[in-house]
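See structure below.
FYI, it's all coordinate maths here, none of it is from the lab. If you're wondering where the values come from, they're calculated on a predicted model, not measured in any experiment. So basically every Cβ, Gly included, is an ideal-geometry build from the backbone, and we count neighbours across all protein chains shown.
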Amino acid sequence: MSNLQVLAKYLPYIFDGSLWSLGLVGAGLGIGFAIGVLMSLGQVYGNPLIRKIVDAYTWFFRGTPLLVQLFLFHWSVFPAIGLRTTALETSMLVLGMRSGAYQSQIFRGSIESIEEGQVLAAKALGLSFWQQSLYVVLPQALRKAVPQLSNEYSIILKDSAVCFVLGVMEIMTRTRYVTIATGIALIPYLIAGALYIALTYLGAKAFDMVYSRIRIQGLVTG
Amino acid sequence: MSFWGDFLTRLSAGTLTTLELLSITIPLSIILGILIGVLRVYGGRLGSALANFYVFIFRGFPLLVTMMIMFFGLADVGIMLEPFWAASAAIILCSSAYQSEYVKTAILSIGKGQSLAARALGMNRFQEIAYVIMPQALRTALPGITNEILYMILYSSLAYVIGVSEIFASAMTMNSIWVRPGEIFGTIALVYLSMTTTASTVFKEIENRLRIPGFEGAR
Amino acid sequence: MTAAGEVLRVENLRKRFGKEEVLKGISFKVDRGEVKVIMGPSGAGKSTLLKCIDLLIPPDEGSIWLEGVELTSPGINVNQYRRKIGFVFQEFNLFHHLTAIGNVMLGLTKVRKLPKNEARELAEEALLRVHIGRDLWDKYPAQLSGGQKQRVAIARALAMEPSIMLYDEPTSALDPQLTGEVLQVIKELAESGMTSVIVTHEVGFALEVADELMIMFDGEIIERGNPSEVIYSPESDSAKVFFKKVLRLGGVGR
C-alpha cells in the first residue's frame, strides 16, 4: 500500500477529531459565556474592588499566551487547589476562562451601548439590580453581542488547535499522528486547515441563524 | 547551577530569540497587510480575488497549522526551512491576513467626498490613494494594527512547537530539568504580561501622538 | 473652433442613471470673466451637470470644451485638465488628515509638482484671498467652522490657478448665519474677474453676481437670461412656481 493510500485510510480518523475540537469550543464558549456575563456586569455596575478584580483577570488572560495558560493550570494551579483534571478537562476550563476574559469585553461594550433610559425605566418600575440585569439589560445586550460571539467562536476554534500540546485527541493531535504514521505532512495539514475553515463556516452559519431568530426589529445592532 | 541562575540564563536567551522573531515578523506583516488590504479594495477583479483568497486561507487556518505546513509540510516538496524562518513565515502570513482586514475596513470607511475632492484637484488614482486615502485609512486602522501586534507577541510562543528556542521553549526545557512548573510557568506568564503591558502602553502613546482633531470618532 | 474669450463650452450633455435621464441635452458656454448662475429645484440635475463638466461623473453623450480642448475626446489625460477647473463641493470635502494650509498645498506639491516653499507661498496667498487668517492655517478641518471650511476649500481650488471655478451649492450645508462670509468671498472672486459657474439657491446673491442666470428643471435648461428678468418675470410655468416658492422662503422681493 502506498503512503497516499494509507493516508486515505486515515482521513476519517482526522475528521473524527472535529467532534473533539467542537467539544473544546462548545465548553470554551459556554464557560466563557457564564464568566463573561458576570464579569461584564461587575465591570459596568460593580464597586471599585470588583472592577479591579475583573480588570486583573482580563489583564492576565488577555496578556499571556494560551500555551502558557494550559501548562500553568494543568501542572501547577489545578493540582495546587486539589483539582486532578484530565488534559481534556484542563483544555476546556482554560479555553473557557480565557474566552471569559474576551467575552466580558464584548458584553461590556454591548451593555454600555444600551441607553440610560432603559435602566432608569427599569428602576422606576421598582426592579432590583438582578431583575434589571436579567429582564432589561442582558436581553438587549446579549442580542447585540451575537455577531461578536460568532467571531469569538472562530477564534476559540482556531485556539483549540493549541490544546494538542496536552495531547487532547482533537484535529491537530490526530493530524500529527497521521503525519508520523505516513511520513507525509503537507497534505494532512492542508486537510486539517480545510477542516478548520469548514467548521468556521458552519459555525458562522449557525450563529447567523440564531441571530436572525432572536433579532428584534428596530433594535439597532452594534 | 542554582534553579534561578539556570532559569535566568535560559530565559534571557529565549527572550532574545522571541524579540528577534518579533522584530522581523511585526514590520513585515504590517507592510504585507497594508499591501494586501489595498489590493483587496483597489486590485480590480483579479487582484482582489487573489488577495481575498490569501486572506481566506491564512485567516481560516489556525496559526499552528500554517506553522506545521511551513516546517514539516514544505519539507515534503523539498523546501527545508530552518525552524526560525518557518515560524517567521507562518506568523507573517497569518498576521498580514488579519492586518489587511483592518486596513480594508479603514479604507472603505473613508467618505466618497475625499476621493472626489482629490480627483477634482487633478490627482491620478495613485496620488489619490497615496496622499489622500491611505494617510486617513492608516490612522483609522492604527488601533487594529497595534492590537494585532499584541496578538503576535502572544502567538509567537507557538514557534516552540516546531523547535524554535524562544521564551516558551526555555520554560519547557527548564521544567524537564527541574520540574517546578508553578515557578517556571508563573514566571513565564509574568514575562509575557510585562511584554504585552509595555507594548500596549507604548501603542497608546503612539496613538496619542498621531492623534488629529477629527479622527477621535474613528477609533 | 473656439470663440475669442470662450473658456468653457458644453454641448448637448446627456446623462442617465438607470432609467432616469438626469441631463437631457444641456448646452451653454461661458466666456472669460463671466459669472453664470444656475438655479432650479433639487433633483433638477444641477449638481450632476457640474460634476459632469469636471468629469467626476462621466457624461453619456455630448462634449465639453475647456479653452479649446475637448475634454470628452477619447484618450485625453483628464487629470491634466481637471486641475484647471476649480471645484467647490457642497460638503466642502476638505482632507481630514491635513491642516488648512496642508489642504491647499497638497494639489500644488503633488499635482502641480511645485517645490514646498513655493507651494506654501501660493497657499498663503490663496488663504488670505478667502480671508482665512494666519491663526487658522495650522488648524485641522475638525477645528474649523463650516464657513471657514468652505473658504479653505475655495482656497484649495483657487491655488491651482484654475481657468474656471465651479461651485456646487457652496452654502447649502452651512448654518444660515455662516453663508454670508462664503458668498462674500465668491462675490469678491467673481468681481476680480474669476470665470465662474455657480449653482445656488440664494436669490439675492444670484441677482448680485450673475451675468446670466439659467434655470434648470428636470434635466433641462428651461430659461436663461438677465437675472432679474428671469427671476421676476419668468416665462415658463415651472419657473414661476419655483421662484414663487424660493422668493417666499428667501424673503427677497421688490
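Some points to look at:
- When both bridge partners sit in the protein assembly as shown, DSSP labels roughly 55% of those beta bridges antiparallel.
- For chain C, the alpha-carbon coordinates run over 54, 46, 37 Å along the three principal axes, in decreasing order.
- Candidate membrane-span-like segments in chain A, meaning DSSP H helices with Cα atoms spread over at least 24 Å of their own axis and a Kyte-Doolittle mean of 0.5 or above, are A:3-45, A:186-214, with no membrane implied.
- Counting Lys and Arg as +1 and Asp and Glu as -1 over every other residue whose Cβ lies under 15 Å from the Cβ of B:Gly37, the net charge comes to +2.
- Taking chain A as a Gaussian network of alpha-carbon nodes connected by springs under 10 Å, the highest mean-square fluctuation of the residues A:Thr58, A:Thr85, A:Thr200 belongs to A:Thr85.
- Charge dipole of chain B about the Cα centre (unit charges at C-beta), most positive-ward option of B:Asn208, B:Ser165, B:Asn124: B:Asn124
- Net charge of neighbours whose Cβ lies under 13 Å from the Cβ of A:Glu152, counting Lys and Arg as +1 and Asp and Glu as -1: +2
- By the beta-carbon count within 10 Å of each Cβ, the least crowded to most crowded order of B:Thr173, C:Thr195, fewest first, is B:Thr173, C:Thr195.
- When the square roots of the Cα gyration tensor eigenvalues are ordered a ≥ b ≥ c, the ratio a/c for chain B is 1.5 or more and a/b does not exceed b/c, which makes its shape oblate.
- Per-residue Cβ neighbour counts within 10 Å put C:His96, C:His201 in the sequence C:His201, C:His96, beginning with the fewest.
- Top positive-direction residue, dipole computed over the protein assembly as shown with Cβ charges, set B:Ala89, B:Ile36, A:Leu199: A:Leu199
- Unit Cα scatterers, Debye sum, the protein assembly as shown: log10 I(q)/I(0) for q = 0.05, 0.08, 0.09, 0.10 Å⁻¹: -0.37, -0.80, -0.92, -1.02
- The stretch A:108-222: relative contact order as a whole-number percent, Cα under 8 Å and 6+ apart: 31
- Put the Cα centre of the stretch C:71-99 next to the Cα centre of the stretch B:92-130 and the gap is 18 Å.
- Options B:Ala137, C:Val35, B:Ile177, ranked by Cα towards positive dipole end of the protein assembly as shown, top entry (Cβ charges): B:Ile177
- Taking 25 Å as the limit for the C-alpha separation, the pairs C:Lys29/C:Lys84; B:Lys104/B:Lys204; B:Lys204/C:Lys113 exceed it in the case of B:Lys204/C:Lys113.
- Here the label points at A:Glu89 and C:Ser63, each 7 Å from Cα along the C-beta direction, are separated by 8.7 nm in the simple model.
- Gain upon complete extension [A:Ser212, A:Ser2; 0.36 nm per residue less C-alpha separation]: 70.7 nm
- The long axis of helix B:3-42 is offset from the longest Cα principal axis of chain B by roughly 20 degrees.
- Cross-link partners of C:Lys15 among aspartates and glutamates (Cα-Cα below 17 Å; sequence separation of 8 or more within a chain): C:Asp54, C:Asp60, C:Glu61, C:Asp218, C:Glu220
- Helical contribution to [θ] at 222 nm, DSSP H n ≥ 4, -39,500 (n - 2.57), averaged over chain A, rounded to 500: -26000 deg cm²/dmol
- Per-residue ellipticity at 222 nm computed for chain B from its helices equals -25500 deg cm²/dmol, with DSSP H segments shorter than 4 residues left out and the rest contributing -39,500 (n - 2.57).
- Only Lys, Arg (+1) and Asp, Glu (-1) charged, at Cβ; the protein assembly as shown dipole about Cα centre in debye: 1120
- Neighbour net charge for B:Arg125 - beta-carbon separation under 14 angstrom, K R +1, D E -1: +2
- The stretch C:142-218: relative contact order as a whole-number percent, Cα under 8 Å and 6+ apart: 34
- Within straight-line cross-link reach of C:Lys240, lysines at Cα separation under 24 Å, skipping those fewer than 8 residues along the same chain: C:Lys24, C:Lys36, C:Lys46
- Cα gyration tensor shape for chain A, rounded if a/c is under 1.5, else prolate or oblate: oblate
- DSSP beta bridges fully contained in chain C are about 55 percent antiparallel.
- For C:Glu124, C:Glu229, order by how many other beta-carbon atoms lie within 10 Å, fewest first: C:Glu229, C:Glu124
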